[in-house]
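*Asks:* One structure coming up, written as structure tokens, with questions to follow.
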Amino acid sequence: MRLLSLCCLAFLLFSCGGDAIPPAPAMAPLADLPIIPLPFEMSSRDGYLWVDTDGDAAAGNSGADAGAMDYLRSRDLGMLPLATSLDPSLTLPNEAYLLDISAEGITITAKAAAGLLNGAITLVQVVEFSPNTERGIFLPAGTITDQPRYAYRGFMLDVARHFFGVDTVKQVIDRIAPYKINHLHLHLSDDQGWRIEIKSWPGLAEIGGRFEVDGTPGGYYTQEDYTEIVNYAAARGITVVPEIDMPGHTNAALNAYAELNGDGKARDPYFGTKVGFSTLDANKEVTYEFIDDVVREISAITPGPYFHIGGDESSVTPHDDYVKLIRRAQDIVLKHGKKSIGWDEVAVAGLAEGSVVQLWNHTEYALKAKEAGNKVLFSLAKRTYLDMQYDSLSRIGLHWAAYIEVDDAYNWDPGTLVDGLTEKDILGIEAPLWSETVRSLEDIDYLVFPRLPALAEVGWSYQMKRQYAPFVERLKVHQGWLKEQGIGTYDSRVFR
Ligand code: ACM
């Protein structure tokens, strides 16, 4: 009732004369809004846009890009008066955008749909941090011109050590998209579980997917589930990268199919958290039939360009076997139209030109990757592993690489990590969440936030623009926003 009478009063005061625009409340200039990741350039102008949230909703945006509008609608902002314009002749990256707000409305201009979507993602934050009153939304006038430093900003979810269902993965996607994370790497198989249906090898999921760490019930995605995740992610600007780890980290497959083992005997399910004890047999032809079927089926339902073949910690695979298997696996990936990504050691096997080496431990592999014509993706454990604890009091997480607080996640420059690498040798960065100690969305939130916004800014924003102290001020505002959304972010000491 009270709200209704306030609305009536506002209506009488401001709307009687037709389109009378209410006076603005106190508001920060556009360039002072706490946007994360920090845009390349923000400039403020006098004036503001008033959006009558009670008014005739989508009146102003009938011609706007469907992808950008769908994203806004997914955040309950379908009423914004948005016009979009695609200009393929712009000499900008596809993800760049120009967002302009004036009293007349909002425009987003970009070279490609990905840029329009990024503009919409920024616009959600502009709205969030501007006055939103019972009279409507007031947006400060100005322009944001933005483009990413790196093309790949990733988040990895380990669904093998503990399994997370489709709904949880969608909630994770909704949490990472606002930070312009544009790749979701799903670690779909490991010693403890196989998490995707392979129709030609049904036992992989049905037998290999039964358990997770500690022997609790596991699960797997049907191919339809996986497609649902892929589509949900795509609508939010995110490309799914599937990983089937090999030749190590394969106990779940070796449990499901006896013939994949060198001795022909099925392995027991594994409920622990050790690594480096399992291997496919590089000298059995059935191994390559298995890899071919798995890569073929998953590639057919993966629109993105990458297939991750793991390759890490294959401690019981003889070196020559490792090289042989990784080379054949990457040939299979190429045959099915994808590019390989692999962890550190795959660099010694010599990946095909155009592949990607994801560095988590040994930066010395970076130059080997470069020599082979590969780009590198930085996921250094002591900076980006979100399963690392914040400090010794963290309720979950591990600390074999480091304790990682917000400043550790933020204060590094991918461009200066390895002498001899230039900016164009670096595809981007990715923040993995391994799930040995992670059992629920609440656990995911606790470890991912607020460190993911810090890493997202490392990947998106140019080094010369980034400064830690002002970032923390912006992050404090995001911490409040995350909590308002019910995201159980960790109360980092940087806020105290
Ligand atoms: C890894 O952490 N074993 C990639």
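The values are calculated or read from the model by the stated rules, or taken from the named source; none is laboratory data. None of these values were measured; they are calculated from a predicted model. Because the Cβ atoms are built from the backbone with ideal geometry, glycine has one as well, and the counts that use them run over all protein chains shown. For the accessible areas, the whole protein counts, side chains as well, though only heavy atoms, and no ligand, DNA or RNA atoms are used. Shrake-Rupley method; radii C 1.70, N 1.55, O 1.52, S 1.80 Å.
*Asks:* Carbon-plus-sulfur fraction of the accessible area of the range 218-344, 1.4 Å probe, in percent?
*Replies:* Accessible surface attributable to carbon and sulfur in the range 218-344 totals 50 percent.
*Asks:* Whole number in Å², please: accessible area per residue of the range 429-496, 1.4 Å probe, ligands, DNA and RNA not counted.
*Replies:* On the way: 2440 Å² over 68 residues.
Result: 36 Å² per residue.
*Asks:* By the gyration tensor of its Cα atoms, with a ≥ b ≥ c the square roots of the eigenvalues, what is the shape of the range 179-218: rounded for a/c under 1.5, prolate for a/b over b/c, or oblate?
*Replies:* oblate
*Asks:* Here's something else I'd like to know. Given a 1.4 Å probe, how much area per residue of the range 258-385 is accessible, in Å²? Don't skip to the end; give the middle numbers.
*Replies:* Numbers: 5290 Å² over 128 residues.
On a per-residue basis, the range 258-385 sits at 41 Å².
*Asks:* Among the aspartates and glutamates, which have Cα under 13 Å from the Cα of K476 when same-chain residues fewer than 8 positions away are ignored?
*Replies:* Reachable aspartates and glutamates: E484, D491.
*Asks:* Kindly express, to the nearest 10 degrees and within the range 0 to 90, the angle between helix 223-234's C-alpha long axis and the longest C-alpha principal axis of the chain.
*Replies:* Once rounded, one gets 40 degrees.
*Asks:* Can you give me the distance in nm between label points at E259 and R493, each placed 7 Å from the Cα along the Cα-to-Cβ direction?
*Replies:* Simple spin-label model gives 5.7 nm for this pair.
*Asks:* Report P(r) for the range 56-193: all Cα-Cα distances, bin width 5 Å, range 0 to the bin holding the largest distance, values in whole percent.
*Replies:* With a bin width of 5 Å, the distribution comes to 2, 9, 17, 19, 17, 13, 9, 7, 4, 2, 1, 0.
*Asks:* Another question, then. For the range 188-237 and the range 338-371, compute the distance between their C-alpha centroids and round to whole Å.
*Replies:* Result: 26 Å between the Cα centres.
*Asks:* Considering all alpha-carbon pairs of the range 73-117, what whole percent are spaced by more than 17 angstrom?
*Replies:* 36
*Asks:* Another question, if that's okay. For K170, K199, give the ranking by accessible area with the largest first, probe 1.4 Å.
*Replies:* K199, K170
*Asks:* Could you sort R327, R195, R149 by their accessible area in this structure, using a 1.4 Å probe and putting the largest first?
*Replies:* Of R327, R195, R149, the descending order of accessible area is R327, R149, R195.
*Asks:* Summing Lys, Arg as +1 and Asp, Glu as -1, what charge do residues with Cβ under 9 Å from the Cβ of E345 carry, E345 excluded? Don't skip to the answer; put the middle values down first.
*Replies:* Working: positive: none; negative: D312, E313, D344.
So the environment of E345 carries a net charge of -3.
*Asks:* Sequence neighbours fewer than 8 away in the same chain don't count; with that in mind, list the lysines whose C-alpha is under 25 Å from K370.
*Replies:* K324, K335, K338, K339, K382, K424
*Asks:* May I ask for the distance between the Cα centers of the range 240-270 and the range 395-447, given as a whole number of Å?
*Replies:* Each part's Cα centre sits 27 Å from the other's.
*Asks:* Where both partners of a DSSP beta bridge lie in the range 75-150, what percent of those bridges are antiparallel, to the nearest 5?
*Replies:* About 70 percent, rounded to the nearest 5.
*Asks:* Shifting gears a bit: Where does the range 135-246 land on Rg(C-alpha)/(2.2 N^0.38 Å)?
*Replies:* Values: Rg = 17.5 Å, N = 112, 2.2 N^0.38 = 13.2 Å.
Output field value: 1.32.
*Asks:* Rounded to the nearest whole Å², what accessible area per residue is found for the range 139-205 with the 1.4 Å probe?
*Replies:* On the way: 1110 Å² over 67 residues.
Ligands and nucleic acids excluded, the figure is 17 Å² per residue.
*Asks:* Can I ask one more? Could you tell me which of the pairs K111/K199; K375/K465; K375/K483 are separated by over 29 angstrom between their Cα atoms in the structure shown?
*Replies:* Listed pairs above 29 Å: K111/K199; K375/K483.
*Asks:* If you line up the long axis of helix 451-460 against the longest principal axis of the chain, both from Cα atoms, how many degrees apart are they, to the nearest 10?
*Replies:* 90
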